[in-house]
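To start, the structure itself, in structure tokens.
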Amino acid sequence: MKLFSVSHKTAFVVDHCPYMAESSRQQVECDVLTKSRGQGVIPLAPVSKSLWTCAVECSMEYCRILYDVYPTKKLHMIILNFLILNFLQDQSTHELMSALAAVGPPNPREDPECCSVLHGLVAAVESLCKITEYQHEARTTLMDTADRVANRGRIICLTNAKSDTHVRMLEDCVQETILEQNKMAASSDRLMPIQQCELVLVHIFPQGEDTLVSDRPKKEVSSLLTSEVHSVRAGRHLATKLNILVQQHFDLASTTITNIPMKEEQHANTSANYDVELLHHRDAHLEFFKSGDLHMAGSTSRDSGLKETVTLKWCTPRTNSVELHYCTGAYRISPTDVNSRPSSCLTNFLLNGRSVLLEQPRKSGSKVISHMLSSHGGEIFLHVLNSTRSTLEDPPSISEGCGGRVTDYRITDFGEFMRENRLTPVPETLDADASEKIPSERAKAQLERHTRYWPMIISQTTIFNMQAVVPLANLIVKESLSEEDVLTCQKTVYNLVDMERKNDPLPISTVGSRGKGPKRDEQYRIMWNELETLVKTHVGGSDKHQRVLDCISACRSKPPEEEERKKRGRKREDKEDKSEKNCNKDTEDKSWQESERLKGALDREKEEQVESEVIKDSPDSPEPLNKKPRLEEIQLPEKAKGPVSLLTMWTNRITVANSRKHQEFAGRISSVNNKAELYQHLKDENGMDLHENGKAAR
């Protein structure tokens, strides 16, 4: 069946009864020249529109938005109680306003029974049964096929109902008329039976009065008719309600253009920023829904009270060419407030051949230009620019995933996985066997078993990186296991237990982690958990799968002695790590102290050497005492048991090199117990005479 949606045909029924001539009681000020009015001039009294005027203005606004966004294929007609204004082929607000002006307002003194709204509802159902050109073309194309062309439509009725009972009477009238018209259409080539009809009743009541009709959401009256009721005050409330309805009926969305620079009328040298709200098809926001950036848009429109509007920021236009941007879609737009000065300025600016780029408002990062406004053939379109990777570019690398660049995909394992799940043609003789599953269903079941647990990244798995687990991983995905398969799986589990007993390392990925990674016990705990998860996903296959799981559970539950031994091993490992850290720290401190002590001794040796040379050059001074320590007393720092710093190694090298460059003091070489005897030449003969003569002289 070729689908024509409910929005393909819309019949607007505007009540022309005498009670629609009642005042809406929403006053409009006409005396705007308050400052220039002279003395003695009586000010003009405010006026109020009638319910008929409010209904006509709001219905015309509904039609204007519809004609702007859908100039074709969305057909619309306005029906009065006694007149059908059918503009299915040439839809124009100008022609429609002229026809409504010729009809004139309702006569308050006319008999209500003569112009009941029921006549308009009957005429609306009859109009929906008529075949449109699009339906006729589709039916002609599909004449030789089994498809049928559906006939659906919507009726919007603006009236002033008396009560909820009156509303139910209107619904019954529409239901009975649909059944009658379907019987007539079944035997006619020019009519089509109605498969679905939506009735939207809008009850209009004046300002300051309480409504006698309650709102009601959409409900199904029958298999052919659904109905909903809206009770709205006349005036701006009615305009807001129809603005919301036109968006719901034709799948429209709202976009607000912010920060539009415009010059002030009174101050030509200054400019201010304004906002303009536009309506368009919802697909223009499709990229926002895909990327999840819709939450950053505005939530409420100031003028029309919409539930949601996406905010885009004006960018200063730099080019008139629209071919420079890669567009993924173009949608017609319609200003929400078409008569406002900002909307008029923006429309004229675009119709003059200019283009405007629109960007998403962001708190940080570079700006993203997502849309563009431009006109083609006198119509303004909202273009959706490609802000992501273009389909014209090279395909992305397999290492570029959703979360950024991923370089450790299991590409080799995935190739093996594809080879194991290849499809091959099946002979018809095998396919005819009803005792077995259909080959396609058997292939789907195998693919489902193989993908129950299959990590895509190397760093997310341990068991698939271990050669010892390969036999179990290949067998456990089978639909049924043999005794030999169970023994092979149990043998694989026992090998893992032996690896844990020997404390063998596991291929744990440390990408993105600091330090040495998890300890050995933690690594094996991760491995056992993942192995148990793999086997549990296939336990429902047979009892032999359960035997493999029981084997894993039995091997994981260690005896108390084993647990105590593991605990002591962990404590000893932690103690060794702590002592190693302290040893390294003490070695570094000791090396630094030794280097400082050696440096001080060398400095003192230099100073004493200079003093000895000065005293030695003086003829009257005795030889200096040996205050310089022996070289043997200067102990070089012992080689640290732990790592030696670069400073310590360099200081030791300099000390050894300096000790070979000078001649040792003779008195220090011949000293006994680090004591050198001074003035030994006084003990010879000449020395004794000099001593005695000196004593006699005294």
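For the range 59-70, in order, what is each residue's ³J(HN,Hα) by Karplus, 6.51 cos²θ - 1.76 cosθ + 1.60 with θ = phi - 60°, in whole Hz (x at glycine and Pro)?
With the stated coefficients, the range 59-70 comes to 5, 5, 5, 4, 5, 4, 4, 5, 5, 5, 7, 10 Hz.
Quick query: amide H of S50 versus all other amide H atoms, modeled in the peptide plane; which residues come in under 5 Å with a sequence gap of 5 or more or a different chain?
Amide H to amide H, under 5 Å and 5 or more residues apart or across chains, S50 pairs with S24.
Along the Cα→Cβ direction, 7 angstrom out, place labels at L487 and K290. What is the inter-label distance in nm?
5.7
In angstroms, what radius of gyration and Dmax does the range 90-246 have, counting Cα atoms only?
18.0, 60
Provide the net charge surrounding N529, with neighbours chosen by a C-beta distance below 12 Å and charges set as Lys +1, Arg +1, Asp -1, Glu -1.
Summing Lys and Arg as +1 and Asp and Glu as -1 gives 0.
Take every Cα pair under 8 Å in the range 131-247 that's 6+ residues apart, average their separations, divide by the length, and report that relative contact order as a whole percent.
With pairs under 8 Å counted, the relative contact order is 25 percent.
Which length gain, in nm to one decimal place, applies between R354 and I411 when the Cα-Cα distance is subtracted from 0.36 nm times their residue separation?
That pair, R354 and I411, stretches by 15.5 nm at full extension.
Considering only protein heavy atoms, what per residue accessible area in square angstrom results for the range 92-184 with a 1.4 angstrom probe?
I get 53 Å² per residue for this part.
Between T537 and C345, what length comes free when the chain is fully extended (0.36 nm per residue of separation minus the Cα-Cα distance, one decimal in nm)?
Working it through step by step, the gained length comes to 62.6 nm.
T211 to E57: extension gain in nm, 0.36 nm per residue of separation minus the Cα-Cα distance?
The span from T211 to E57 would gain 53.3 nm if fully extended.
Tally Lys/Arg at +1 and Asp/Glu at -1 over every other residue whose Cβ is under 11 Å from the Cβ of H203; what's the total?
+1
What ranking, highest mean first, results for peptides 5-18, 221-234 when packing means the other Cβ atoms within 10 Å averaged over each residue?
Descending mean neighbour count gives 5-18, 221-234.
Let me cross-check Y524: its accessible surface, 1.4 Å probe, with only protein heavy atoms counted, in Å² to the nearest 10?
So the heavy atoms of Y524 present about 0 Å² to solvent.
Too long at a 28 Å Cα-Cα cut-off: which of K73/K367; K437/K536; K74/K313; K183/K219; K9/K241?
Beyond 28 Å: K73/K367; K74/K313.
The values are calculated or read from the model by the stated rules, or taken from the named source; none is laboratory data. Please read all numbers here as calculations on a predicted model, not as lab measurements. Cβ sites come from the backbone with ideal geometry, for glycine too, and all protein chains shown count toward neighbours. Remember, those area values only see protein heavy atoms, side chains included, never the ligands or the DNA or RNA. Shrake-Rupley method; radii C 1.70, N 1.55, O 1.52, S 1.80 Å.
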